[in-house]
1. Any residue in the stretch 267-281 that is farther than 27 Å from Leu217 by Cβ, touching an Asp or Glu at 6+ places or on another chain (Cβ under 6 Å) and touching a residue at least 60 places away in the same chain (Cβ under 8 Å)?
2. Which of the residues spanning the stretch 466-490 are within 13 Å of the ligand (Cβ to nearest atom) and crowded, with 20+ Cβ neighbours inside 10 Å?
3. Go through the residues of the stretch 559-570 one by one and say whether even a single one is at pLDDT 95 or above, under 25 Å from Asn462 (Cβ atoms), outside the structural domain of Glu390 (by TED's automatic domain parsing) and of a type outside the set (Asp, Glu).
4. Are there any pairs, at least 6 apart or on different chains, whose C-beta atoms fall under 6 Å, with the first in the stretch 509-532 and on the phi < 0 side of the Ramachandran plot and the second assigned to a loop (DSSP other than H, G, I, E, B) and within 11 Å of the ligand (Cβ to nearest atom), and if so, which?
5. Pairs under 9 Å by beta carbon, first residue open to solvent by 50 Å² or more (accessible area, probe 1.4 Å) in the stretch 571-599, partner among the charged types (D, E, K, R) and away from the ligand (no atom under 16 Å from the Cβ), six or more apart or different chains?
6. Are any residues in the stretch 447-459 within 11 Å of the ligand (Cβ to nearest atom) and either out of contact with any Lys or Arg (no Cβ under 6 Å at 6 or more places or on another chain) or outside the structural domain of Ile518 (by TED's automatic domain parsing) (or both), and if so, which ones?
7. Sort out which residues of the stretch 242-252 are modelled with pLDDT under 85 and open to solvent by less than 20 Å² (accessible area, probe 1.4 Å), and write them in order of number.
8. Across the stretch 103-142, what is the number of residues that are at pLDDT below 75, outside any strand (DSSP E or B) and closer than 16 Å to Ala76 by Cα?
Amino acid sequence: MRKYIAIFIMFIFMLLGFTQRALAEGVFKINSANFDTSSAIISLVSSNLDDLPDISDIKVVKLTNPTRVYFDIPNAVLGGQKKDWLFTTAGIKEVKISQFSSTPYTVRVVVNYDDNFDVSDIKFIKLKNGIFIKLKNNIAQNPFMQNTYRDDHSSSNDFYEYMTISSVSNPNETIARIDSAFNTGITPQYSQELRLNTKYYIDKVMAKNGMITLTGLGSVSIEKPMILSNPSRIVFDMPNTMVNKSLRNKDFSLGGTDTARLGQFSVNKARLVITTNNVTKYIPVYARDNQTVIYLNTDNLSNLEIPGKPVAISDFSNRKLDDMTSAMTLNFSNPVIHGFDRTNSDVIVYLYNVNNFDAELFNKTFSKTDFTSAKLEQSSKGLKLTIPIEHDSLVTTFLGMDGKSLKLQIKAPRTVIKDNADPRDSELIKIPVLNKPKGSDGKYRVVIDAGHGGSDVGATRNGVYEKYITLDVAKRVEKMLKAQGYGVLMTRSDDSYVSLQDRVAYSEAYNPDIFVSIHVNSSTSGTPNGIETHYYHPESIPLAQTVHSSLVSTISANDRGTFKSKFYVINHTTSPAILVEMGFLSNTAERGQLVTAERKQATAKAIVEGINNYFKSAQ
Ligand SMILES: [Zn+2]
């Protein structure tokens, strides 16, 4: 981040063609303030690189009503005609940066925050061209990390930077040029603030045998590549990235029949398509400053030049971020050059300029952690780290701003119960004796729980509400079950609000044979799609498996598996209980299907079939 902001600034100065008027000797003139919401880092950057103030004595002062802290940066002045910078974000309500006084020059930062904010998390760091203030330590132990790779294809809005244009002879032309480089998306008036929507600007491409090198300003992130056929090709998307117009849509030869083409896929995303019969051979290699990335055919590894002296690993750490997410951090004596590969079964990190590590320390750090099967070994060039993962794991990687640390964050998919269920549960499974229906009338009794309702709308996207879909499907299930001779209790039959506690209470009073809750899934990312079935108590596993396999065998949707999940209604009911997630509202294509009568009817029918099979198997 430090580098790209520095270069943004230099780039702007180049464009503007003016030299900065010296304000006063030895004063830190802040030209740009950036708030990276993804990692809660404020960066204050100057072009007069020699005048960074001493930050060792900065004191954080805590105030109440409203809860806030402030701290003063000594000997600093906000540049240009800039008044105040104001940022708002979740968790931290507001960050305000302003000139507190001119004699002496002092810039004050005030942070208004929520109750869960930990003031002791605030850290200051001085790098070559600026001051970085990390507000929340929610990312890593080394708090100054930039995202380099992500499995998640969410279109990220986690970056923005403000910049003020002033003292320019032809502001409109300047603004137009900055807009074309950084996709500001607005045409501000002279002297107004520009909001930059990209964090990486590709302005140079070099292709040679088995590799294509992209060089730019900023910091590159790469999403999980897609592999396509006819012709065989691999597609790398780079979010928050702009491509110089003169480089777009040209074919670059990579030797043999391999070619590459770089394009601006959307306003905020660059796309590199490599057409090759060796799609699995191409991996990204990140330069130590993360401004250059080489897409390398690993067969041509010998062509990769590694400048500088070999680097050693100085430290490892493991951190459990939550039930499903763990992070491995590697620290290096000097900036690392790494290549990254992610297959369906492994994450592989090549540390090309690293030659030395303490194997004993590695094993000690990661034994009995989620990384216990990770392997670090010598490779043909440097070291190779292999971490086994699940196919559906979510991998995110970060590179320290100083290039000296690498963090690999892996979120495991929820426990997928394979054919024979979780072995830890298998001893506990007692399939309930079902040949005697609980109803005194000799009918099997089923509770159908339509998720949400009334003021609780559930998931929503594009005007589509989960509560209506769940009720519609639940009613279809009710109708079919009754027609087949089941006793059915609906926890709600109209668009009214029913608390989770009441749903459980209604069910318990009815004393059913089974309980089936119907929901629609959603995710912050638009990518996930498909059907999940959840259970909590082991004795609910047979029901979950029967209904789930009926659903995925009759509906053409992604099979996401069955999960042990602690949802309230399936945890607190005493009969075998499951919760079906019929699909994702957050996935545009699946949302389109979920609202159709066909999908609703097919889902209802499959649930009923599954219930039939469940009772049949018990007879
Ligand atoms: Zn729901």
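1. Taking every residue of the stretch 267-281 in turn, none turns out to be farther than 27 Å from Leu217 by Cβ, touching an Asp or Glu at 6+ places or on another chain (Cβ under 6 Å) and touching a residue at least 60 places away in the same chain (Cβ under 8 Å).
2. Glu466, Lys467, Ile469, Thr470, Leu471, Val473, Ala474
3. As a first pass, look at the stretch 559-570 and keep what is at pLDDT 95 or above: none.
Looking for residues that are at pLDDT 95 or above, under 25 Å from Asn462 (Cβ atoms), outside the structural domain of Glu390 (by TED's automatic domain parsing) and of a type outside the set (Asp, Glu), one finds none in the stretch 559-570, hence no.
4. Note: pairs meeting the criteria are Ile518/Gly451; His519/Gly451; Val520/Ala459; Val520/Leu585; Ser522/Ala459; Ser522/Leu585.
5. The qualifying pairs are His572/Glu508; Thr574/Glu508; Gln593/Arg599.
6. Answer for the stretch 447-459, where residues must be within 11 Å of the ligand (Cβ to nearest atom) and either out of contact with any Lys or Arg (no Cβ under 6 Å at 6 or more places or on another chain) or outside the structural domain of Ile518 (by TED's automatic domain parsing) (or both): Gly451, Asp456, Ala459.
7. Within the stretch 242-252, Met242 is the sole residue that qualifies.
8. Step one: of the stretch 103-142, the residues at pLDDT below 75 are 114-121, 123-142.
Remaining after also requiring outside any strand (DSSP E or B): 114-121, 128-129, 135-142.
From what's left, closer than 16 Å to Ala76 by Cα: 128-129.
The number of residues fulfilling the criteria is 2.
The values are calculated or read from the model by the stated rules, or taken from the named source; none is laboratory data. Computed from a predicted model, the values in this text were never measured in an experiment. Cβ sites come from the backbone with ideal geometry, for glycine too, and all protein chains shown count toward neighbours. What goes into the accessible areas is simple: the full protein's heavy atoms, side chains included, and nothing from ligands, DNA or RNA. Shrake-Rupley method; radii C 1.70, N 1.55, O 1.52, S 1.80 Å.
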